[in-house]
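The values are calculated or read from the model by the stated rules, or taken from the named source; none is laboratory data. The model shown is predicted, which means the values in this text are computed figures rather than measured ones. Quick reminder, even Gly has a Cβ in these numbers, built from the backbone with ideal geometry, and neighbours come from all protein chains shown. Side chains are part of the model used for accessible areas, which takes the heavy atoms of the whole protein and leaves out ligands, DNA and RNA. Shrake-Rupley method; radii C 1.70, N 1.55, O 1.52, S 1.80 Å.
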Amino acid sequence: MLIDAWDPFIGGAQVHIKALQKYLPSHHIKISLFHSPHPHILIRSLWLFWVIPQVIFHHFKYQFDLIHAHAFAPGLPAKILSLLLNIPVVYTVHGSHLMDLEQNGLMAKLEHWLLTQIKYDHEISVTRAFLRYPNVNKNISVIPNGVDIAMFNKVKVKKNTDFTLLFVGRDHPTKGI
């Protein structure tokens, strides 16, 4: 798995990967996680080039069967690695924020290109809204983020008699609050 931002940065993609790390080994799947050593944007950008030789080196030892890239930028090194190592790449889109906001800047163009113009073996989106964008990928699955409700069974709270809505996420227009 490839992701450019990791601890102390925590977002939906990081939570998603931690859940995959927890549950996939019970299915006899081994996971190697490659991430930037620091969340600063410059270091994350440099990591996109450094991760390619890292994965190649580890591939000779572990013989990876699949590359799974998360979020935005790791799609590019994942595609390059897929071509170099002749193994499939799955790309999980954890949001299409700039596309959803109809932005036109450089970052928006980069997001659009990474998400819809690079051919991946399979693409996963956490939201159906992503399907409205023209995409060179036709093999796209929508798998919404899940919640491990067992984590909340131990929490003792007084039940509220009034209707209460709780939103847990960042306050951003793309969330549709």
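Cβ contacts < 7 Å: first residue under 20 Å from D171 (Cα atoms), restricted to region 8-23; second residue open to solvent by 40 Å² or more (accessible area, probe 1.4 Å) and among the polar types (S, T, N, Q), any location; separation 6+ or different chain. Result?
Qualifying pairs under 7 Å: G12/N145; H16/N145.
Residues I87, I80, I118: which one is at pLDDT 95 or above, in a helix (DSSP H, G or I), under 30 Å from F60 (Cβ atoms) and β-branched (V, I, T)?
Among I87, I80, I118, only I80 is at pLDDT 95 or above, in a helix (DSSP H, G or I), under 30 Å from F60 (Cβ atoms) and β-branched (V, I, T).
Specify the residue that is most open to solvent (accessible area, probe 1.4 Å); the eligible residues are those in region 29-43 that are in contact (Cβ under 8 Å) with a residue 24 or more places away in the chain and of a type outside the set (S, T, Y).
So the residue we want is K30.
For region 107-119, does any single residue satisfy the condition of being basic (K, R), in contact (Cβ under 8 Å) with a residue 12 or more places away in the chain, crowded, with 16+ Cβ neighbours inside 10 Å and on the phi < 0 side of the Ramachandran plot?
no
Let me spell it out: the conditions are (1) of a type outside the set (F, W, Y); (2) modelled with pLDDT of 95 or more; (3) closer than 26 Å to R170 by Cα, and A71 meets all of them except one. Which number is the exception?
Condition (2) is where A71 drops out.
Among all residue pairs at least 6 apart or on different chains, which show Cβ distances below 6 Å where the first residue, located in region 68-81, is under 14 Å from K119 (Cβ atoms) and the second is surrounded by 22 or more Cβ atoms within 10 Å (Cβ to Cβ) and not hydrophobic (A, V, I, L, M, F, W, C)?
Sorted first by the residue in region 68-81, then by its partner, the pairs are A69/G75; A69/Y91; G75/Y91.
Looking at region 144-157 only, could you name the residues that are part of a loop (DSSP other than H, G, I, E, B) and without any contact (Cβ under 8 Å) to a residue 40 or more places away in the chain?
Answer for region 144-157, where residues must be part of a loop (DSSP other than H, G, I, E, B) and without any contact (Cβ under 8 Å) to a residue 40 or more places away in the chain: P144, V147, N153, K154, V155, K156, V157.
Yes or no: region 21-28 includes at least one residue that is among the polar types (S, T, N, Q), modelled with pLDDT of 95 or more, more than 28 Å from K138 (Cα to Cα) and open to solvent by 40 Å² or more (accessible area, probe 1.4 Å).
no
Filter region 90-115 for residues that are out of contact with any helix residue (DSSP H, G or I) (no Cβ under 6 Å at 6 or more places or on another chain) and part of a strand (DSSP E or B); which is nearest to L66 (Cα to Cα)?
Among residues in region 90-115 that are out of contact with any helix residue (DSSP H, G or I) (no Cβ under 6 Å at 6 or more places or on another chain) and part of a strand (DSSP E or B), the one nearest to L66 (Cα to Cα) is V90.
Which one of these is farther than 15 Å from I124 by Cβ, of a type in the set (G, A, S) and out of contact with any His (no Cβ under 8 Å at 6 or more places or on another chain): G95, G105? Spell out how you get there, then give the answer.
Working: G95 fails: farther than 15 Å from I124 by Cβ.
The unique qualifying residue is G105.
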